[in-house]
Structure formats: C-alpha cells, structure tokens
1. Could you list, in sequence order, the residues of the range 72-94 that are surrounded by fewer than 17 Cβ atoms within 10 Å (Cβ to Cβ), over 10 Å from the mean Cα position of the chain (by Cα) and under 28 Å from PHE3 (Cβ atoms)?
2. Please count how many residues of the range 50-65 are surrounded by 17 or more Cβ atoms within 10 Å (Cβ to Cβ) and assigned to a helix (DSSP H, G or I).
3. Given (1) hydrophobic (A, V, I, L, M, F, W, C); (2) surrounded by fewer than 21 Cβ atoms within 10 Å (Cβ to Cβ); (3) in contact (Cβ under 8 Å) with a residue 40 or more places away in the chain, identify the lone condition not met by ALA32.
4. Hey, PHE108 hits all of (1) more than 17 Å from SER19 (Cα to Cα); (2) free of Cβ contacts under 8 Å to residues at least 12 places away in the same chain but one; which does it fall short on?
5. Filter the range 63-111 down to residues that are among the aliphatic types (A, V, I, L, M), more than 17 Å from GLY42 (Cβ to Cβ) and touching a Phe, Trp or Tyr at 6+ places or on another chain (Cβ under 8 Å), then give me how many there are.
6. The conditions are (1) on the phi < 0 side of the Ramachandran plot; (2) surrounded by fewer than 17 Cβ atoms within 10 Å (Cβ to Cβ); (3) at pLDDT 95 or above, and LEU107 fails exactly one of them. Which is it?
7. Please count how many residues of the range 25-40 are over 17 Å from LEU107 (Cβ atoms) and out of contact with any Gly (no Cβ under 8 Å at 6 or more places or on another chain).
8. ASP26 - would you say it is within 13 Å of the chain's Cα centre (by Cα), exposed (fewer than 15 other Cβ atoms within 10 Å of the Cβ) and among the acidic types (Asp, Glu)?
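The values are calculated or read from the model by the stated rules, or taken from the named source; none is laboratory data. Treat the numbers as computed from the prediction; the structure is a model and nothing was measured. Quick reminder, even Gly has a Cβ in these numbers, built from the backbone with ideal geometry, and neighbours come from all protein chains shown.
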Amino acid sequence: MTFQKVCTLDDLWEGDMESFEVDGKDILLVCAEGGVIKAFQGMCPHQDIPLSEGKFDGKTVICRAHLWQFDACTGKGINPSDCALAEYPVRIEGEDVLVQTSGVQVLFAHT
C-alpha cells in the first residue's frame, strides 16, 4: 500500500492528461475541470490502445481508435456505458502527485 511519486502539480495542468509507468503499469493521469487529479489505467479496455494518444477535453477521455469515451472524474464509460477504466488512488503531498497501484486490476471491455 505504498504511494509513489509520479510527477508534480506543475507537470499536469487543468485539462491535461499524461501517461506514466508506475510499477510496470501504464497509468493515465488526468487533471479534470476544477483541478481534480485522477489516475486510471493507461490502456483502453477495448483493444489496449494507449489512452494518452486520444483526446481529453477536461471532462471526457476519448480513445483514438474507436472513440470510446470515459468520464474523467469516475472512469465510467460514457460510450459505451457498460465499460469502465480501473482507477488508482491518488494523493497530493505538497507539490507532488503520488499514485498507489497495489490491489488495482486493469479492466477489460465486454467486446
């Protein structure tokens, strides 16, 4: 249950998303509207496409391959709605953004 430093707050501005590797796992950090930082699995649950290659408008993460959409605050699927991204716990300590990967399983889609 160890949190690891991934970046600093200056590395991730509101409306940004960045990909990082933590403990051998692809992690997508997003800074949603309002400055909320969330960490999700970095690969689309549909066909393992890196989500960092897609688009992010501050509310929605959109995969480049088939335009699957995910809520940036919850990781829940918007289109399609019966999928989701695994979420990793995030902690802010001073200016550092830390993520915990243990106990989180990457999710895969229904199709």
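1. Matches in the range 72-94: LYS76, PRO89, ARG91, ILE92, GLU93, GLY94.
2. Residues that pass the stated criteria total 2.
3. So the condition that ALA32 fails would be (2).
4. With (1) more than 17 Å from SER19 (Cα to Cα); (2) free of Cβ contacts under 8 Å to residues at least 12 places away in the same chain applied to PHE108, the lone miss is (2).
5. The initial filter retains those residues of the range 63-111 that are among the aliphatic types (A, V, I, L, M), namely 65, 67, 72, 78, 84-86, 90, 92, 97-99, 104, 106-107, 109.
Then keep just the ones that are more than 17 Å from GLY42 (Cβ to Cβ); that gives 67, 78, 92.
Remaining after also requiring touching a Phe, Trp or Tyr at 6+ places or on another chain (Cβ under 8 Å): 78.
Residues that pass the stated criteria total 1.
6. With (1) on the phi < 0 side of the Ramachandran plot; (2) surrounded by fewer than 17 Cβ atoms within 10 Å (Cβ to Cβ); (3) at pLDDT 95 or above applied to LEU107, the lone miss is (3).
7. 5
8. Numbers: within 13 Å of the chain's Cα centre (by Cα): yes; exposed (fewer than 15 other Cβ atoms within 10 Å of the Cβ): no; among the acidic types (Asp, Glu): yes.
No: the conditions fail for ASP26.
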